[in-house]
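Structure first, commentary second.
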Amino acid sequence: MTDLTHLDETGAARMVDVAGKAVTMREAVATGRIAMSAEAAAAIRAGMVKKGDVLATARIAGIMAAKRTAELIPLCHPLPLTRVAIDLAPDETGVTVTATAATEGRTGVEMEALTAVSTALLTLYDMAKALDRAMVIGEIRLLSKKGGKSGDWAA
């Protein structure tokens, strides 16, 4: 079990000690999608959802979530994020969310990017659920990461 970084020699969960790692620039990009009826998608694109500006609210929610990732994911390190960007691409059948998180630190920001995407998608659902309760959230995944000992990676 010692090959798993979040388990100690007895198998107990632990936070990884990153003190010996080098401080490097790190960036992660994640994406996800919410599929919905054409009517709900049109209302979002037109800014006609009664709860308000759905896309702006989802963008802010994603940024806020990235900043609070360590409070939500038990073994994540709190990170001083240098950037969080949320791109929302609405189309005829839903919205694709892409989040980029960056820091200069000893551990990566993959979880921050994934948390931002997930929360932005949940916010889109919450804001538009009166229009379509059958919306489907999915396809959440890491697209790329840069920096750190393991180097760059892309899907």
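A few points about this structure:
- Restricting region 1-55 to residues that are among the small types (Gly, Ala, Ser) and assigned to a loop (DSSP other than H, G, I, E, B), the residue that is modelled with the highest pLDDT: Ser37
- Test for Ala116: is it touching a residue at least 24 places away in the same chain (Cβ under 8 Å), outside any strand (DSSP E or B) and either on the phi > 0 side of the Ramachandran plot or surrounded by 17 or more Cβ atoms within 10 Å (Cβ to Cβ) (or both): yes
- Only one of the numbered conditions (1) without any contact (Cβ under 8 Å) to a residue 40 or more places away in the chain; (2) more than 14 Å from the chain's Cα centre (by Cα); (3) open to solvent by less than 70 Å² (accessible area, probe 1.4 Å) is not met by Arg133, and that is (3).
- Summed over region 136-155, the residues that are touching a helix residue (DSSP H, G or I) at 6+ places or on another chain (Cβ under 9 Å) and surrounded by 20 or more Cβ atoms within 10 Å (Cβ to Cβ) give a count of 1.
- Considering region 18-62, the residues that are within 11 Å of Thr119 (Cα to Cα) and surrounded by 19 or more Cβ atoms within 10 Å (Cβ to Cβ) include one that is nearest to the chain's Cα centre (by Cα), namely Gly62.
- Within region 65-91, the set of residues being closer than 17 Å to Met111 by Cα, among the aliphatic types (A, V, I, L, M) and surrounded by 15 or more Cβ atoms within 10 Å (Cβ to Cβ) comprises Ala65, Ala66, Ala70, Leu79, Leu81, Val84, Ala85, Ile86.
- Residue match in region 65-72 (condition: under 15 Å from the mean Cα position of the chain (by Cα) and in a loop (DSSP other than H, G, I, E, B)): yes
The values are calculated or read from the model by the stated rules, or taken from the named source; none is laboratory data. These numbers come from a predicted model, not from an experiment. As a convention, Cβ positions derive from the backbone with ideal geometry for all residues, glycine included, and neighbour counts pool all protein chains shown. The accessibility values were calculated without ligands, DNA or RNA, using every heavy atom of the protein model including side chains. Shrake-Rupley method; radii C 1.70, N 1.55, O 1.52, S 1.80 Å.
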